[in-house]
Every structure is written in structure tokens, then in C-alpha cells.
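Rule-based calculations on the coordinates, nothing more; no lab input. In this text, all values refer to a predicted model and were calculated from it rather than measured experimentally. Note that we place each Cβ from the backbone using ideal geometry, even for glycine, and neighbour counts take in every protein chain shown.
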């Protein structure tokens, strides 16, 4: 049993998520706290950093999480973008992350 | 004895290490694994140091602007950016600020636990700014560090609970629920904007059906927004002051290139400051969240203003423009009156004007958005001018706090200072 679980873990490659807001110190930090909790709860193989989106250029990420009104800024990127409207709606973020990992693992 | 002296005066006298120690305790309380504890502590200390490095870069560029503005117009030009003035204050009273911030959070918890004002203020940046303002005010009353820290912490705790409560009625209209509060110290303006909206407009005629030109959204980017708005005024000041005045301070750089390079350097400095704040808050705020959830279950988190932006994105742009026009008009009036001139830098007008716009829109549609943000624009232009003399008295210059809630605290302190004869 243990062995199987270990093998499963090995197979899942770790993904990276960037959480963006305008200055990278307000809403993105709150989002990061919520996402960190979800990672712990669901064991998502996900590494999270948060930043101001001015500092976005040149950073590679599989997932971008941001407040919904900034969605347009990330239109041209290939990453999976999650736009959050209600910052307390953890279920929505969880659903989106589950959807991503169901499609990409 | 020798070791105790070393710990108290040398080790903890270094504010960055003191802040690191607080992060360390916070991480241990949360029972984080050892690697997270080490990396979190190191990042907090480095973040606090980066903060100071950005300060000197931004300040150098700001000094040039000030000198050109005063040569050109014979008036003092002040750019109200909370990050810049906080970074300046941090070089004067680093320890007082750090302790007011952390002990103020403890006061916030106690007040939220035992009164009906159940709000936990989680916008770390604004707690830091308020701690800096309080350090400036209390130290200029001539108080000792210990007394300044104690009084400052109590005031910060009160502000953390009372200000979000002030805007909560309007906040419910904005978000459609009573789950979160606004944690941005312009609640006077936001509550006012919501109230004005309800008097003059109709929430069913909202902003979100209006189409705005796409280029306006470039102001969303911090770097672009600061560079453009500061650059325009830097050039105006340089051209009015004239070639020789610029060459006197430009170190041989061409006088028409100098304003551009100084503007970009200023933006760079400001960006370094935010990066430092981000590193430093990245460890402190999660600890605040963890502790408050345990100590005051069911309290409402008061969060940074962009959390309301998704509810009315168009109102954020309209609100910014309306507030900015108010700021420009105020600047012209100040020049005409010959007072200290508040330069409308885009950043405070964007965040504060946008939020006021969202509040006005929620209660009064587009009319509420435009008028509410306009009044807010006047408040954040006049406010920094009112409290600027206090900043100057203690040796800070060129910047001031735009936040309306800070202005009120400054005015109250001004009365107290005059009453007891300290000022």
C-alpha cells in the first residue's frame, strides 16, 4: 500500500502557481494564504509564489491566480488562469484547481 | 549581564532582527516545519532591509524633483505616497514602527474579542503605514520610545476595528454579503462615497454597462502608472525651473534627459520598497491570520481595497479618472493660493479613487461613482497638505500620507499637540 502511494507521488510532476495582484502585497497575499490551505488539504503538487504583476514578465508558471478584474492582463499567456471574484469563495478556487489537476496529471 | 545587554541593545536594537524574531515566533506558533521556519525568518529580515535600500533610492530622486519644483514655482511640491514616507520614517524610528505594528495587532485582537467591533485588520501594508504615522506623531510630541510604542499600539488597535466598521454598511452593498470588511485606511472617503451615492444616484444605472477605451487599463500596472504620472510633473518642474537649475543638480547629465532618468529611478526605488514590504509581510500576515482565527473565531477579516475591484471593474477606472481630475484641480488651486502643492501622483488616486468609485457605484450607479470619487480626490489632495507640516517638523520631506483616515488622526494629534504646547 505504502509503496503504491509512493509511486503515485513520483508520477505527479510538481506544478508552479503565481498569484498576482497590483502590488503583490494585499489581495495576492490573502489569496496565497487560502491556496496554501487548499494545497495542504488536497495534497496538490503545487508550489506557490505571489508577486505584483509588473514583475510578471519572464516568470514561468503553470497556473496564474488573480482577482477577476485583472484577467485581461494574462490573456496572451498559455498558463491556466483562474480569476477570483469573491475572495472568500474558497470552494470556487478549490474546484478550479481540482479541474486543472484532473486535466493535467 | 554582558550577554543580556548584548541581546537587548545590540541584537533587538536592530529592528530588522527584531522583526525576524517576531516572524520566527509566529512560524513556531503555527508549527511550521524547520525549513519553512528558517526560510520565513530569513526572508522577513531581508525584506525589512530591502525596504530601507529602496527608500534611499526613491528619496534621492524625490529630492531632485522638490528642488526643481521650488526653483520653478517658488512653492513646495509634495508627492503623497504612503510607501515613500513610511520608508523615510523607517530610517528614523525602525524599532518604534515595528513594535507599534505588532503590538497594535495584539490590541486589534483584544478589541475584536471583547467588543462588538469584530474586525481583524489584515492589510499588512496599511498597518505598517499607520504604525509609521503614529511613530511620527508620537515622537514629535516628544514622548519616549516605550510610551510612544504603548500609545501607538492602542491607537492602531482601535483604528483596526473602528475604521472598517465605519464603512461596513456600504461594504455590504458592494459585495452583497456581510463576510468581509474593507481594510484600507480611506474608510471615511469610502463611507462618504457610499452615502453620497445613495443620495444622488440610482444603483440600477451602474457603471458596468459603460464601455471604456482599452488603453486606460495600462494604469493598472504599478510601474507604468508611477512613471507616467511622476514623469509628467518632473518635466513640468524641470522646464519651468530652466536649464541652468537642472544642470546644477544633474551631475553632467543632459538637462532634458535628467527628469526621465530620475523618474525611472524613483519608480525603481518605489518598486524595491514594495518588494521589501512583500517579503516582510509574506511571513507576518499569514501568522496574523492563523492567530486571529484561533483567538477571535467568526471575526470579519478587513482586506485590502482590490478585493472589491472585481465587483465593478469599470467603476474602478471611472473612479480613478474622476478622483484624478479632482487632484489636478486641487493642485491648480494650491498653486494659485501659494500653499504647499500636492502633486497628484497616480498611485494613491488609482487605488483610493477606484475603491471610492466602486462604493459610489454600489449605492448610486455611475453618478455615485463619479461624484463619490471626485469628493474623495479632493480629500486625498487636501489631507496630505494638512498633515505635511508635522512630517516636516520631524525631518521628513517631499512626501506625506494621502489616506483620509490618517488625516483625521493627524488633525486630532495636531489639536493635542497645540493644547499641551508641544508644537
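Between residue B:294 and residue B:419, the contour length at 0.36 nm per residue exceeds the Cα-Cα span by 40.8 nm. Summed over all non-identical Cα pairs, the Kirkwood treatment of the protein assembly as shown gives a radius of 23.8 Å. Taking one quarter of the surface of the convex hull spanned by the alpha-carbon atoms of the range B:138-236 gives a direction-averaged projected area of 11.3 nm². The calculated FRET efficiency for residue B:393 paired with residue B:177, based on their beta-carbon distance and R0 = 35 Å, is about 0.20.
The mean count of C-beta atoms from other chains within 10 Å of the C-beta of residues in B:274-283, rounded to a whole number, is 4. Each 5 Å bin, from zero up to the one with the longest distance, holds this percent of the alpha carbon pairs of the range B:288-371: 3, 16, 18, 15, 12, 12, 11, 7, 4, 2, 1.
Rg and Dmax, both from the Cα atoms of the range B:41-199 and both in Å, are 18.2, 55.
The ranking of B:150, B:107 by Cβ neighbour count inside 10 Å, starting from the fewest, reads B:150, B:107.
Across peptide A:28-35, the average count of Cβ atoms from other chains found within 10 Å of a residue's Cβ is 5.
Sorting B:370, B:25 from the fewest to the most surrounding beta carbons within 10 angstrom yields B:25, B:370. Quick one: check the C-alpha center-to-center distance for the range B:25-78 versus the range B:375-423, whole angstrom. Result: 22 Å between the Cα centres. Peptide B:305-314 has a mean of 6 when you count, residue by residue, the C-beta atoms of other protein chains within 10 Å of its C-beta. Per q in 0.06, 0.07, 0.11, 0.12 1/Å, what log10 I(q)/I(0) does a Debye calculation on the alpha-carbon atoms of chain B return? Here log10 of I(q) over I(0) equals -0.25, -0.34, -0.85, -1.01. For the range B:227-328, the fraction of alpha-carbon pairs lying more than 23 Å apart is 58 percent, rounded to a whole number. Taken along the Cα-to-beta-carbon direction at a fixed 7 Å, the label points for residue B:251 and residue B:28 span 4.5 nm. Over the range B:280-423, the fraction of Cα-Cα pairs per 10 Å bin, rounded to whole percents and listed from the shortest bin up, is 12, 30, 29, 24, 5, 0. Here the relative contact order of the range A:13-103, from alpha carbon pairs under 8 Å that lie six or more residues apart, stands at 30 percent. The coefficient of translational diffusion for the range B:103-170, derived via Stokes-Einstein from the alpha carbon Kirkwood radius under 20 °C and 1.002 mPa s, stands at 175 µm²/s.
Normalise the Cα radius of gyration of the range A:26-105 by 2.2 N^0.38 Å (N = residues in it) and let me know the number.
Cα-based Rg divided by the globular estimate yields 1.03.
The fewest-to-most ranking of B:147, B:53 by surrounding Cβ atoms within 10 Å reads B:147, B:53.
The average projected area of the range B:98-138, computed from the convex hull of its Cα atoms over all directions, is 2.9 nm². Over chain B, Cα pairs under 8 Å with separation of 6+ residues give a relative contact order of 27 percent. The range A:35-98 and the range B:172-233 have Cα centres separated by 23 Å. At full extension, residue B:328 and residue B:145 could sit 62.0 nm farther apart than now, given 0.36 nm per residue minus the alpha carbon distance.
FRET efficiency for residue B:116 and residue B:70, Cβ-Cβ distance as r, R0 = 51 Å, nearest 0.05?
0.55
Spatially, the range B:303-319 and the range B:90-147 are offset by 27 Å when compared through their Cα centroids.
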